[in-house]
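Each remark here refers to the structure printed beneath this line.
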Amino acid sequence: RPTLPEKIDYVFKVVVIGDSAVGKTQLLSRFTQNEFCYDSKSTIGVEFQTRTITLQGKLVKAQIWDTAGQERYRAVTSAYYRGALGAMVVYDITKRVSFDHVARWVEDLRAHADDSAVIMLVGNKADLAADKRAVTTEDAVEFAETHRLFFSEVSALSGGNVDEAFFRLLEEIFSRVV
Ligand code: GDP
């Protein structure tokens, strides 16, 4: 892409949370670079990545934050959540326990982020649904409705639904902020 000067109209901070190994880092690199990296933890320490999109004629820079492994020590700090306008709470559709922990992540988020933050529940690794699914779509839809979250099943590996999920989240933030 040529590096033309861009006049950014808005910057939206979005945090990605969820258990370790659900695919947070891969979702981020799929959305910001259209890449899936099999040796993912080489990017450890990177705080956020960005992608600039156009929404209703405005240039919006999405600043997507990665926990960079903090969640392993249950040490996701309030600084991580500060200023977030949206959040993706990710679980792995092949790991029931990662879905069982979603409620905790949503609580953590609601305790630390702004009340108006838009939350999207994301079931990742949909490419493995045929033989390894451990969380039904119905269970996730029910949880999302109960907790008033947006919901999507995606695959960082295939790229399926990843852009759609981020765009839905960013469009919802846009409609609340602008
Ligand atoms: P994080 O700890 O939540 O950031 O998870 P990572 O992004 O490091 O991914 C954890 C593991 O799951 C890695 O081995 C990835 O290659 C794998 N992974 C991530 N997304 C997908 C996906 O959509 N499909 C499949 N099959 N594997 C994935």
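Points worth noting:
- Surface exposure of the chain, expressed per residue as accessible area with a 1.4 Å probe, stands at 52 Å².
- Along the axis of the charge dipole computed for the chain (Cβ charges of +1 for Lys and Arg, -1 for Asp and Glu, origin at the Cα centre), the listed residues Ser98, Tyr80, Ala113 are led at the positive end by Tyr80.
- Here the Debye sum runs over all C-alpha atoms of the stretch 65-110 as equal scatterers in vacuum, and log10 of I(q)/I(0) at q = 0.17, 0.24, 0.33 Å⁻¹ comes out as -0.51, -1.01, -1.41.
- Accessible-area composition of the stretch 33-168, carbon plus sulfur, in percent [1.4 Å probe]: 49
- Pairwise Cα distances in the chain exceed 24 Å for 32 percent of all pairs.
- The charge dipole of the stretch 27-178, taken about its Cα centre with unit charges on the Cβ atoms of Lys, Arg (+1), Asp and Glu (-1) only, comes to about 360 debye.
- Dipole check for the stretch 99-178: with +1 at the C-beta of Lys and Arg, -1 at the C-beta of Asp and Glu, and the Cα centre as origin, the magnitude is about 120 Debye.
- Straight Cα distances below 21 angstrom link Lys61 to the lysines Lys7, Lys13, Lys24, with same-chain residues fewer than 8 positions distant left out.
- P(r) weight above 17 Å for the stretch 83-178, C-alpha pairs, percent: 49
The values are calculated or read from the model by the stated rules, or taken from the named source; none is laboratory data. Everything numeric here is computed off the predicted structure, so don't read it as measured data. Reconstructed Cβ throughout: ideal geometry from the backbone, glycine too, with neighbour counts over all protein chains shown. We work out accessible area using only protein heavy atoms, side chains counted, and drop any ligands, DNA or RNA first. Shrake-Rupley method; radii C 1.70, N 1.55, O 1.52, S 1.80 Å.
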